[in-house]
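Shown next, in structure tokens, is the structure this report addresses.
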Amino acid sequence: MAKIISFANQKGGVGKTTSAINIAASLGVQGHKVLMIDLDPQGNTTSGVGVPKKQLKYTSKDVLMGDVAAKDAILETDFENLSLIPTNISLAGAEFELFDTFEVDAPNCMKKAIAPILDDYDYIVVDCPPSLSMLTINSFTASDGIVVPMQCEFYALEGLSQLMGTIKGIKQKYNPSLVVAGILVTMYNPRLLLSMQVMDELRKHYSDKLFATTISRNVKLTEAPGFGKPVYYYDKNAKGSKEYLEVAKELAERI
């Protein structure tokens, strides 16, 4: 049965989608069968694996709303062991529709929708929107674990504290088995004093959650999405490619 992992941070620009794509692809390279679900209306995960957003027959919105079975919305990517339930901007209105249609059961829509396909995959990786919305709550309710990508800056520390509070609330109300699978430091530059200070704070408060590997600032990582590829398939020798492979190994050991 698949382990479901949400990639979430309400602060944008922290490498959330980049991490979701590259860890999912790395798990696939390592022999695991992986499904990605794009739950961010921006659809960057969809385009990041080379799927055109304007030509989609079904999206994650259709799956959430129960209009189509999850298996019918799955697309095979060009990458080893990696499939996708894509999305586009149509997902932006789903939050209100979930409330209107399902009312009190709205947080459980995703959990119910993907239940029939859990035995088909080793991992299901969900890219959440950069907000603590009903879409994110749906993902958390369905998930076994959460990966929190974050930059080394003090505003990110504040946001992390808020996110941990939200996770605690979801755990109490909807999903008692939910855990934080790891905090992933992205765009890390060890030569910056600020980076070192924030890392010290993270080690002080979240040492058991930090991944051993950090993700460096890397040109290849920023170029790869423009070619619709995870960085491993763009340049497998890039530093970012090697770092994400290490993080994927550690994640597989954790959850």
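Residue count for the stretch 217-240 satisfying the condition of being within 17 Å of the chain's Cα centre (by Cα), at pLDDT 95 or above and part of a helix (DSSP H, G or I): 1. Filtered by the rule that a residue be open to solvent by less than 40 Å² (accessible area, probe 1.4 Å) and free of Cβ contacts under 8 Å to residues at least 24 places away in the same chain, the stretch 185-198 gives no residues.
Among residues of the stretch 80-105 being out of contact with any Ser or Thr (no Cβ under 7 Å at 6 or more places or on another chain) and surrounded by 21 or more Cβ atoms within 10 Å (Cβ to Cβ), the one that is modelled with the highest pLDDT is L82.
This table checks each residue for (1) under 19 Å from L35 (Cα atoms); (2) open to solvent by 20 Å² or more (accessible area, probe 1.4 Å); (3) not in a helix (DSSP H, G or I).
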| site | (1), (2), (3) |
| --- | --- |
| I124 | yes, no, yes |
| L132 | no, yes, yes |
| T141 | yes, no, no |
| V147 | yes, no, yes |
| M150 | no, no, yes |
| L157 | no, yes, no |
| G169 | no, yes, no |
| P176 | no, yes, yes |
| I183 | no, no, yes |
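Among the residues of the stretch 139-158, those identified as within 16 Å of A20 (Cβ to Cβ) and not hydrophobic (A, V, I, L, M, F, W, C) are S139, S143, D144, G145, P149, Q151. Of everything in the stretch 1-21 that is assigned to a strand (DSSP E or B) and of a type outside the set (G, A, S), the residue that is farthest from the chain's Cα centre (by Cα) is K3.
Q162 meets the stated requirement of being out of contact with any Pro (no Cβ under 6 Å at 6 or more places or on another chain) and touching a residue at least 24 places away in the same chain (Cβ under 8 Å). Scanning the stretch 63-79 for residues that are at pLDDT 95 or above and either under 17 Å from the mean Cα position of the chain (by Cα) or closer than 21 Å to D119 by Cα (or both) yields V63, V68, A69, A70, K71, D72, A73, I74, L75, E76, T77, F79.
Close Cβ contacts (under 9 Å, 6 or more residues apart or on different chains) running from residues in the stretch 107-119 that are more than 21 Å from H32 (Cβ to Cβ) and in a helix (DSSP H, G or I) to residues that are open to solvent by 60 Å² or more (accessible area, probe 1.4 Å) and among the polar types (S, T, N, Q) comprise C109/T101. Being closer than 15 Å to M150 by Cα, surrounded by 16 or more Cβ atoms within 10 Å (Cβ to Cβ) and of a type in the set (F, W, Y), is that true of even one residue in the stretch 211-221? Yes; the residues of the stretch 211-221 include at least one that is closer than 15 Å to M150 by Cα, surrounded by 16 or more Cβ atoms within 10 Å (Cβ to Cβ) and of a type in the set (F, W, Y).
For the stretch 112-122, the candidate set comprises residues that are of a type outside the set (D, E) and open to solvent by 10 Å² or more (accessible area, probe 1.4 Å); within that set, the residue that is nearest to A25 (Cα to Cα) is Y121. Could you tell me whether the stretch 240-253 includes any residue that is in contact (Cβ under 8 Å) with a residue 12 or more places away in the chain, open to solvent by 60 Å² or more (accessible area, probe 1.4 Å) and either farther than 29 Å from D144 by Cα or among the aliphatic types (A, V, I, L, M) (or both)? Checked against the condition, which is being in contact (Cβ under 8 Å) with a residue 12 or more places away in the chain, open to solvent by 60 Å² or more (accessible area, probe 1.4 Å) and either farther than 29 Å from D144 by Cα or among the aliphatic types (A, V, I, L, M) (or both), the stretch 240-253 yields no hits at all.
Among the helices (runs of 4 or more DSSP H) confined to the stretch 22-81, the ones with at least 1 residues that are without any contact (Cβ under 8 Å) to a residue 24 or more places away in the chain are located at 60-64, 70-73.
Is the stretch 9-21 home to any residue that is open to solvent by less than 10 Å² (accessible area, probe 1.4 Å), among the hydrophobic types (A, V, I, L, M, F, W, C), under 23 Å from T222 (Cα atoms) and at pLDDT below 95? Scanning the stretch 9-21 turns up at least one residue that is open to solvent by less than 10 Å² (accessible area, probe 1.4 Å), among the hydrophobic types (A, V, I, L, M, F, W, C), under 23 Å from T222 (Cα atoms) and at pLDDT below 95. If you check K33 against the conditions, is it charged (D, E, K, R) and modelled with pLDDT under 95? Answer is no for this residue. When we screen V49, V29 for residues that are within 18 Å of A248 (Cα to Cα), among the β-branched types (V, I, T) and surrounded by fewer than 24 Cβ atoms within 10 Å (Cβ to Cβ), the only hit is V29.
The values are calculated or read from the model by the stated rules, or taken from the named source; none is laboratory data. These figures come from a predicted structure and were not determined experimentally. Heads up, the Cβs are rebuilt from the backbone with ideal geometry, glycines too, and the neighbour counts pull from every protein chain shown. Heads up: the accessible areas ignore ligands, DNA and RNA and are worked out on the full protein's heavy atoms, side chains in. Shrake-Rupley method; radii C 1.70, N 1.55, O 1.52, S 1.80 Å.
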